[in-house]
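I have placed the structure first, in the form of structure tokens, so that the comments after it can refer back to it.
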Amino acid sequence: RRSVVLKRRPGGEPSRGDFDIREDPVPHPEAGDVVTRTIWLSIDPYMRGRLREEQTYATAVQIGDVMTGETVGEVVESGDPAFQPGDLVVGARGWQTHSVTPGKQLVKIRKGAAPLSAYLGILGMPGATAYAGVTEICKPKPGETFVVSAASGAVGSVAGQLAKRAGARVIGIAGGPDKCFWVQDSLGFDDCVDHRSIDLRGELHAACPNGIDAYFENVGGAVQAAVFEQLNPFARVAMCGMVSQYNEKTPPPGPNLGFVVGKRVLIQGFIVSDRPERLTEWRTMAEPLVAEGNLVYREDVIEGLENAPDALAGILTGRNFGKLLVKVSPE
Ligand code: NDP
């Protein structure tokens, strides 16, 4: 089996040189464990946090350890009677061609219900993240203006579609004309503002003439500053992530939040895994919507496990267009 292990902690943008490829024999499972062959590996912005020395909300990957990440895989050998070779599962982790996982951490995928890769994106952790932030914090109402950043991405694309289904006017923020076009044309958002525009504030104001009632924050930085200025009284802000600063050694100085008092703004952070049952709830709800084409998604596929470090570097700077995945082996 081949594994990508952490060689050194990156100072800024991660690169291939920060990782080593390790080869060892595919192990046989102990009782209760299951060996899977990785088909799809998910690449997500949170992985940058796991490369830091200091503790974030989750444990750091140690030097010499296999890099962490969600996968979809096929069972090749099982020490757990609940799983048979050929079963397709989510729940095995790691940037590696084969994983050994306790059977109780694995969930079987119903064959044919949706494309396998969707279980790492719209039907997986990113989809459940969007669902949590929109329904529990942003709570968009008909006629309100809802804004989401990284709008063409795995989380943002779902968040905006959910707000649209709730009856809100939905404005995306994304990097570049191609992403903005797709957000409006394929996702059906009412407008999309390019954050690379020289007049981000002005364009956001033009797209949100009645101000902003709910904001789903994925990026931070200049985008956040522009949105915060235009929040309405009683606006809700779901703090999902701030990808613009994940490569920074020290975070940039924060905004002045004095306006939050006078405008009675609610700003709340959340982590999708706080409530693990949410993922099952979301998957059950979203599977038919995806099958009927009522929830749209886009994937960006990189071939080959050895290219995972480049993929991670790319998602932190916007080179991905849609849910980023590494195809590790054939379906
Ligand atoms: P995406 O597919 O959205 O990819 C990240 C995107 O961020 C890039 O494509 C890019 O889009 C945008 N971006 C990168 N750098 C910048 C920058 N400097 N300024 C503005 N935009 C930038 O990733 P995900 O959908 O997987 O994740 C989106 C966010 O959700 C991240 O912040 C992530 O950490 C967070 N998250 C939080 C979870 C939680 O439990 N709280 C769980 C899962 C994800 P563009 O080209 O449009 O700028």
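The values are calculated or read from the model by the stated rules, or taken from the named source; none is laboratory data. Since the structure is predicted, the reported quantities are computational estimates derived from the model, not experimental observations. Quick reminder, even Gly has a Cβ in these numbers, built from the backbone with ideal geometry, and neighbours come from all protein chains shown.
Structure values in brief
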item: Complete set of residues in region 290-308 that are surrounded by fewer than 16 Cβ atoms within 10 Å (Cβ to Cβ) and without any contact (Cβ under 8 Å) to a residue 60 or more places away in the chain; result: E292, G293, N294, E303, G304
item: Within region 253-315, helices (runs of 4 or more DSSP H) holding 3 or more residues that are assigned by TED's automatic domain parsing to the domain that holds L51; result: 308-315
item: Complete set of residues in region 198-218 that are within 15 Å of the ligand (Cβ to nearest atom) and touching a Leu at 6+ places or on another chain (Cβ under 9 Å); result: Y215
item: Inter-residue pairs, beta-carbon under 9 Å, first more than 14 Å from A168 (Cβ to Cβ) and in the same structural domain as G241 (by TED's automatic domain parsing) and in region 130-142, second surrounded by 24 or more Cβ atoms within 10 Å (Cβ to Cβ) and acidic (D, E), 6+ apart; result: none
item: Residue within region 63-72 that is of a type outside the set (A, V, I, L, M, F, W, C) and not in a loop (DSSP other than H, G, I, E, B) present; result: yes
item: Positions within region 217-258 being at pLDDT 95 or above and among the hydroxyl-bearing types (S, T, Y), in sequence order; result: S244, Y246
item: Pair list, Cβ < 7 Å and 6+ apart or interchain, from region 23-41 residues that are touching a residue at least 60 places away in the same chain (Cβ under 8 Å) to residues that are among the charged types (D, E, K, R) and part of a strand (DSSP E or B); result: P29/E77; V35/E77; T36/E74; R37/E74; I39/E74; W40/K327
item: Residues of region 2-29 satisfying the condition of being buried (at least 19 other Cβ atoms within 10 Å of the Cβ) and either of a type in the set (V, I, T) or closer than 14 Å to G94 by Cα (or both); result: S3, V4, L6, F19
item: Top-ranked residue of region 273-331 - restricted to ones that are at positive phi and out of contact with any Phe, Trp or Tyr (no Cβ under 8 Å at 6 or more places or on another chain), ranked as nearest to the ligand (Cβ to nearest atom); result: G318
item: Scope region 249-272; condition surrounded by fewer than 16 Cβ atoms within 10 Å (Cβ to Cβ), within 28 Å of G124 (Cα to Cα) and touching a residue at least 40 places away in the same chain (Cβ under 8 Å); matching residues; result: L266, Q268, F270, I271
item: Inter-residue pairs, beta-carbon under 8 Å, first within 11 Å of the ligand (Cβ to nearest atom) and in region 219-234, second at pLDDT below 95, 6+ apart; result: G221/P252; Q224/P255
item: Residues (at positive phi and part of a helix (DSSP H, G or I)) located in region 133-190; result: none
item: Residue in region 174-181 that is crowded, with 19+ Cβ neighbours inside 10 Å, within 11 Å of the ligand (Cβ to nearest atom), modelled with pLDDT of 95 or more and among the charged types (D, E, K, R) present; result: yes
item: Residue check for P233: in a strand (DSSP E or B) and in the same structural domain as Y215 (by TED's automatic domain parsing); result: yes
